[in-house]
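Worksheet for the structure shown next.
The values are calculated or read from the model by the stated rules, or taken from the named source; none is laboratory data. Since the structure is predicted, the reported quantities are computational estimates derived from the model, not experimental observations. All Cβ positions, glycine included, derive from the backbone under ideal geometry; neighbour counts span all protein chains shown. Side chains included, ligands, DNA and RNA excluded: accessible areas come from the protein's heavy atoms. Shrake-Rupley method; radii C 1.70, N 1.55, O 1.52, S 1.80 Å.
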Amino acid sequence: MSTDGATMLTETGADAATVIRLENITKRFGAITAVNDISLNLKENEFFALLGPSGCGKTTLLRMIAGFESLNEGRILLDGKDIAPLRPNRRPINLMFQSFALFPHMSVRANVSYGLEMEGVRGSELKSRVDRILETTQLTEYASRKPDQLSGGQRQRVALARALVKEPRVLLLDEPLAALDKKLREHMQLELKRLQHEVGITFVVVTHDQEEALVMADRIALMRDGEVKQCASPAELYEHPNSRFVADFIGVMNFLDGEVSVEGVVVQGLGVLTGRSNGDTRTGDRACLAVRPERLTVAPSSAERLIHDNVLDGTLTDIAYHGQDIGLHIAVGDAGQVLISRLSAAAEGAADFKVGDTVQVGWQTQNALILPDDSKT
Amino acid sequence: MSARIPRRRDPAKLFLGGHLWLVYTFLYVPILVLMALSFNDLGLPTAWGGVSLKWYGELAQNDAVLRAALNTVIVAVVSTILATLLGTLLAFGVERRQRRNNTMEALLFAPMIIPDIVLAIALLSFFTALNFTLGLHSIIMSHVVFNIAFVCAVVRTRLRNFDFSIVEASIDLGAGEVTTFRRVTLPAIFPGVLAGGLLAFTLSVDEFIIAYFTAGAGQGSTTLPMQIYSMIRFGVTPEINAMATIVMLVSFTLVFISQRIDRKAISQ
């Protein structure tokens, strides 16, 4: 299975499971290129996330699919057909706005009915379809309320119901959870996922929150500066990032900068360290060794020497208490490199670490990655 | 340390309170006197002859006054409709502009600030230069000029809290431009438009200077304030008191309603 669906297609509609296909999309605003030559395949019944820092072009991409932005180059195919000539109100695609954009003067029921009325649905069919979606989104008892009489979470569900009732081919969601507080956001992440399974519609969600994308999405396209840096499943993205940017953006990662050698990466003051290479780096390149905190083993210097492929000596400079686990900040080498390790607060000996302790830290070759250095200077 | 602060009347507060009452007295006592006199059976400012609606009756018999009242209603209604339409459109245009221009913003407010007399002379010169026949229509046009600015200002306060994404949401849900305006945009900003329109109507009803300058010769285009002015030259008659009372009640009611609507709109 290719990590990027777009590469495995040759002709339009070749893949039956593809709903929307983006072909070499480019969008420029004056001198700024917001979206640069992006190709992606969005599949049937998939929860897809466009993830990236603000200004990476993810919202622009979403608005182009919805029809609110024009394309400078490229094509958008829906079920194999170019949708460029279709105005946004003629596309079987709906967008859930970041602000929810509920009609303030209409009741919940009127908000939800609006889209169907525009299609010419009337009478008992209108009523039954609206009733059904209100039930799915648990809004039945609020049907006669106005948006300003609802909580943030309820408003979000109205926005969802209003878009879903039209049974679009694809539902686009622009930062759907950004307006909610943290507790509710975590709850709604799972709720959105459940809803997507229930209605069987392709969801494309735009978010800047990597955790949100990891929890909800089947596939994630991580974007920067108008380009897709990597498109893969959450696990693939976390375990096999293809660049320093991706590794840094997803989760927490330790980086040790150095130069690629035959055996591994030569890091100043620490010698040769080993990790997996994905083949993108050649001997002599600037690169970094990346290792996740949970892949590091830490032991007191007084204990038996670790038997890992890489073992470094260091000093504990900080201990961060997170509740369920503990973050250990370990200074290694003379160049001031710091490795962060995480261990469960319940782990044996976890409570014995003190700031200033000399410790040894180790990892296996297969648990570290050698990545090309694409960080911005 | 818990220091007990002795309760004492603050002299500054006392002074300001007294000042406030003086201002209200100065503003409203003359109006109350006028209203009372309009019900005075004797019609004299010096002696009270009991409550009577006699002067209101006389007013109803006065053809010139009725004619002027009708003119005023025509001018106010037509100029309000035009100013509300144009002012609302203007507000949309200004609020949706990407780049703000301070000079342009200031020029929008100018008709509200320019002294009426200056605007009146300017309009008269303008109409004369064009060889435009003066009459009710020229008063209407002149009232539209300054009322656009007021309507625009009121609607803009409403638009500032307006989430333009609901327009896109409506289109996204399948509506066309016209349906979107009729069913989403207009209802959402309607309180602001209504408040602006009511304000324009009130301003038009009691506007004197500009109407006086742009009405042209002849009785045909005399408005109520002009009629009152011409009657007053022979002294304040009880009829005028009655008419002033009616005009004032209408104005007050409209201002009150427009403020209520506006406040409700903003608090939403």
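Within the stretch A:73-87, can one find any residue that is in contact (Cβ under 8 Å) with a residue 24 or more places away in the chain, over 24 Å from residue A:29 (Cα atoms) and open to solvent by 30 Å² or more (accessible area, probe 1.4 Å)? Quick ask: steps written out before the conclusion?
In the first step, residues of the stretch A:73-87 are kept if they are in contact (Cβ under 8 Å) with a residue 24 or more places away in the chain; the result is A:73-80.
With over 24 Å from residue A:29 (Cα atoms) added as a condition, the list becomes A:78-80.
Retained after the next criterion (residues that are open to solvent by 30 Å² or more (accessible area, probe 1.4 Å)): A:79-80.
Yes: the stretch A:73-87 contains one or more residues that are in contact (Cβ under 8 Å) with a residue 24 or more places away in the chain, over 24 Å from residue A:29 (Cα atoms) and open to solvent by 30 Å² or more (accessible area, probe 1.4 Å).
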>> Please go through the stretch A:199-222 and give me each residue that is within 23 Å of residue A:17 (Cβ to Cβ), part of a strand (DSSP E or B) and open to solvent by less than 10 Å² (accessible area, probe 1.4 Å), ordered by number.
In response: A:202, A:203, A:204, A:205, A:206, A:220, A:221, A:222
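Look through B:227, B:219 and report the one residue that is touching a Lys or Arg at 6+ places or on another chain (Cβ under 9 Å), open to solvent by less than 20 Å² (accessible area, probe 1.4 Å) and not aromatic (Phe, Trp, Tyr).
Numbers: B:219 fails: open to solvent by less than 20 Å² (accessible area, probe 1.4 Å).
Going through B:227, B:219 in turn, just one is touching a Lys or Arg at 6+ places or on another chain (Cβ under 9 Å), open to solvent by less than 20 Å² (accessible area, probe 1.4 Å) and not aromatic (Phe, Trp, Tyr): B:227.
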> How do the pairs read when you match residues in the stretch B:185-208 that are within 14 Å of another protein chain (Cβ to nearest Cβ) with residues anywhere that are among the charged types (D, E, K, R), using Cβ under 8 Å and keeping only pairs 6 or more apart or on different chains?
Replying inline: B:189/B:158; B:191/B:158; B:191/B:262; B:191/B:264; B:192/B:158; B:192/B:262; B:193/B:158
>> Could you check the stretch B:23-50 and list, in sequence order, the residues that are among the hydrophobic types (A, V, I, L, M, F, W, C), in contact (Cβ under 8 Å) with a residue 12 or more places away in the chain and surrounded by 14 or more Cβ atoms within 10 Å (Cβ to Cβ)?
In response: B:34, B:35, B:37, B:39
> When residue B:149 is evaluated against the numbered criteria (1) within 22 Å of residue B:117 (Cβ to Cβ); (2) within 14 Å of chain A (Cβ to nearest Cβ), which criterion, by number, is the only one it fails?
Replying inline: (2)
> Within the stretch B:207-242, how many residues turn out to be out of contact with any Leu (no Cβ under 8 Å at 6 or more places or on another chain) and not hydrophobic (A, V, I, L, M, F, W, C)?
Replying inline: 13
> Can you tell me which residue in the stretch A:51-65 is farthest from the other protein chains (Cβ to nearest Cβ), limited to those that are in a helix (DSSP H, G or I), within 21 Å of residue A:216 (Cα to Cα) and of a type in the set (A, V, I, L, M)?
Replying inline: A:61
> helices (runs of 4 or more DSSP H) wholly in the stretch B:51-146 with at least 2 residues that are open to solvent by 50 Å² or more (accessible area, probe 1.4 Å), closer than 24 Å to residue B:226 by Cβ and in contact with a helix residue (DSSP H, G or I) (Cβ under 8 Å, 6 or more places away or on another chain) - which ones?
Replying inline: B:54-61, B:63-96, B:116-129
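Name every residue in the stretch A:180-191 that is assigned to a loop (DSSP other than H, G, I, E, B) and crowded, with 17+ Cβ neighbours inside 10 Å, in order of residue number.
Restricting attention to the stretch A:180-191, the residues satisfying the condition of being assigned to a loop (DSSP other than H, G, I, E, B) are A:180-181.
Within the stretch A:180-191, just A:180 meets the criteria.
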>> Can you tell me which residue is surrounded by the fewest Cβ atoms within 10 Å (Cβ to Cβ) among those in the stretch A:303-332 that are acidic (Asp, Glu) and part of a loop (DSSP other than H, G, I, E, B)?
In response: A:304
> Hey, among B:158, B:182, which residue is surrounded by fewer than 16 Cβ atoms within 10 Å (Cβ to Cβ), within 14 Å of another protein chain (Cβ to nearest Cβ) and more than 23 Å from residue B:74 (Cα to Cα)?
Replying inline: B:182
> Counting just the residues of the stretch A:66-106 that are touching a Gly at 6+ places or on another chain (Cβ under 7 Å) and on the phi < 0 side of the Ramachandran plot, which one comes out farthest from the other protein chains (Cβ to nearest Cβ)?
Replying inline: A:86
> Do the conditions hold for residue B:196, that is, is it in contact with a Cys (Cβ under 8 Å, 6 or more places away or on another chain), surrounded by 22 or more Cβ atoms within 10 Å (Cβ to Cβ) and not β-branched (Val, Ile, Thr)?
Replying inline: yes
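Yes or no, residue by residue, for (1) more than 12 Å from every other protein chain (Cβ to nearest Cβ); (2) in contact with a Gly (Cβ under 8 Å, 6 or more places away or on another chain):
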| residue | (1), (2) |
| --- | --- |
| A:156 | yes, no |
| A:165 | no, yes |
| A:171 | no, no |
| A:176 | yes, no |
| A:182 | yes, no |
| A:186 | yes, no |
| A:189 | yes, no |
| A:192 | yes, no |
> Looking only at the stretch A:107-131, which residues are more than 9 Å from every other protein chain (Cβ to nearest Cβ), outside any loop (DSSP other than H, G, I, E, B) and surrounded by fewer than 14 Cβ atoms within 10 Å (Cβ to Cβ)?
Replying inline: A:123, A:124, A:125, A:128
